[in-house]
Structures are given as C-alpha cells and as structure tokens.
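This report refers to the structure that appears directly beneath it.
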Amino acid sequence: MAKRVTGPEIEKLIQLLAKVPGLGPRSARRAALHLVKKKDQLLGPLADAMGEAHRKVRICSCCGNVDTSDPCTVCTDVRRDHAVIIVVEDVSDLWALERAGAMNAAYHVLGGTLSPLDGVGPDDLNIRGLVDRVAKGGVRELIIAVNATVEGQTTAHYITDQLSGLEVKITRLAHGVPVGGELDYLDEGTLTAALRARTAI
Ligand SMILES: [Zn+2]
C-alpha cells in the first residue's frame with residue numbers, strides 16, 4: 001500500500017473532487033492542491049458558495065429546472081413567452097439553448113430519456129408534469145428539443161402520444177448539417193435527415 005502524503009481531510013477533498021464530471025483522479029489532486037494552497041482566496045469562498053448553494057438549490061415544481069427559487073427564474077420571467085415550451089432532457093440543454101439566445105420561451109426539463117434497457121420508464125421522467133402543464137391550457141407550441149438519439153426520439157414519440165387530443169402544436173428540432181459542417185465528414189444518417197428536412201432558398 002502506498003504511503004499517505006496528506007491527512008484524511010485533504011484525501012477526502014480529492015476523492016470528492018474526482019467525482020466531478022471532467023475531473024479524473026489526477027485533475028482532482030491538482031485542483032485540491034491548488035485549493036489548499038489558496039486557502040483564504042479560494043478554498044474558503046468556494047466552501048461558502050457551496051454551502052449556500054446546498055442550502056438554497058431546489059428543483060422547480062413547474063418545469064424541473066434547477067434553481068434557488070421555486071418556481072424558478074425562467075418560470076417567473078414575465079418577459080418570456082410562456083405559451084411556447086421547449087422540452088429538454090437536462091438542465092445543461094436548457095443552459096445551452098439559452099446561450100444560443102434564439103428563443104424567448106419557457107422550458108420543461110424531463111430529467112433524461114426513456115430507456116427500457118436502463119430501466120428508465122415514463123414515471124422516472126417529468127412527463128406527467130408536462131402533460132398537466134399543457135392540459136391547463138395557454139400553451140400554443142411545444143418544441144421537443146431532445147437529443148437526436150434513439151432514446152431521444154422514442155421519448156419524443158411517447159410525449160406526442162400522451163398529448164394527443166390536446167390543443168397544442170408540437171414541433172421538433174431539425175436534424176441535419178451543423179453550421180460550419182462539411183458534408184464529406186457527416187455520417188449517412190445525418191445526411192439523409194438533412195436531405196429530408198431540406199428547405200426552399
Ligand atoms: Zn421552472
């Protein structure tokens with residue numbers, strides 16, 4: 001067994017940091033060392049910020065977003081068009097779409113996709129809440145912005161089925177050539193989807 005070079009507190013810090021996406025054990029050690037060296041400038045403020053976030057973070061009971069208030073900042077934003085709901089798999093997708101800044105809509109976070117092989121069924125996702133939101137009325141369009149994977153498309157079909165009979169326009173993101181993409185590098189599935197979704201110039 002290797003000899004220990006730090007006390008259990010720093011060892012625990014490394015182990016926890018290693019669980020953060022994007023940080024492996026090596027990066028976690030570097031980050032931990034940096035933090036303990038910058039004890040007052042970084043470690044202290046970070047610990048405070050984490051404690052504060054831990055106390056305040058909650059899941060929005062309306063849309064499933066993660067925020068420090070419920071309903072969340074997006075749901076309570078009066079400048080948004082709440083008649084348009086963009087359905088996403090994860091909060092990271094909501095953030096990505098907001099960075100693009102193309103729409104001024106509300107969101108609904110599913111919390112994943114249907115995946116029978118992994119044991120993820122409709123009740124494991126925030127689908128019931130979405131149907132309830134639409135059933136309440138006032139929703140004009142639902143934009144299903146799930147990933148272009150088999151699970152994503154299965155989920156999109158399931159949601160569409162659940163909403164049949166309700167007065168709402170359901171759209172999905174176009175599949176095709178990425179902006180700046182070269183045709184030669186695209187797979188056949190993407191090229192086929194792009195051809196099918198062609199638009200008039
Ligand atoms: Zn919300």
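The values are calculated or read from the model by the stated rules, or taken from the named source; none is laboratory data. Just so it is clear, the model here is predicted, and its values are computed rather than measured. Neighbour counts run over all protein chains shown; Cβ positions are idealised from the backbone, glycine included.
To keep it simple, each residue is scored yes or no on (1) closer than 30 Å to VAL131 by Cα; (2) modelled with pLDDT of 95 or more; (3) more than 16 Å from the ligand (Cβ to nearest atom).
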{"site": "LEU23", "(1), (2), (3)": "no, no, yes"}
{"site": "LYS37", "(1), (2), (3)": "no, yes, yes"}
{"site": "LYS56", "(1), (2), (3)": "yes, yes, no"}
{"site": "GLY64", "(1), (2), (3)": "yes, yes, no"}
{"site": "PRO71", "(1), (2), (3)": "yes, yes, no"}
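If only residues of segment 85-103 that are touching a strand residue (DSSP E or B) at 6+ places or on another chain (Cβ under 9 Å) and away from the ligand (no atom under 15 Å from the Cβ) are counted, the one that is nearest to GLY138 (Cα to Cα) is MET103. Going by the structure shown, is ALA102 closer than 30 Å to SER164 by Cβ and touching an Asp or Glu at 6+ places or on another chain (Cβ under 8 Å)? Spelling it out, it is not the case that ALA102 is closer than 30 Å to SER164 by Cβ and touching an Asp or Glu at 6+ places or on another chain (Cβ under 8 Å).
Given the condition loosely packed, with under 10 Cβ neighbours inside 10 Å, under 25 Å from the mean Cα position of the chain (by Cα) and outside any helix (DSSP H, G or I), answer yes or no: does some residue in segment 7-16 qualify? No; the residues of segment 7-16 include none that is loosely packed, with under 10 Cβ neighbours inside 10 Å, under 25 Å from the mean Cα position of the chain (by Cα) and outside any helix (DSSP H, G or I).
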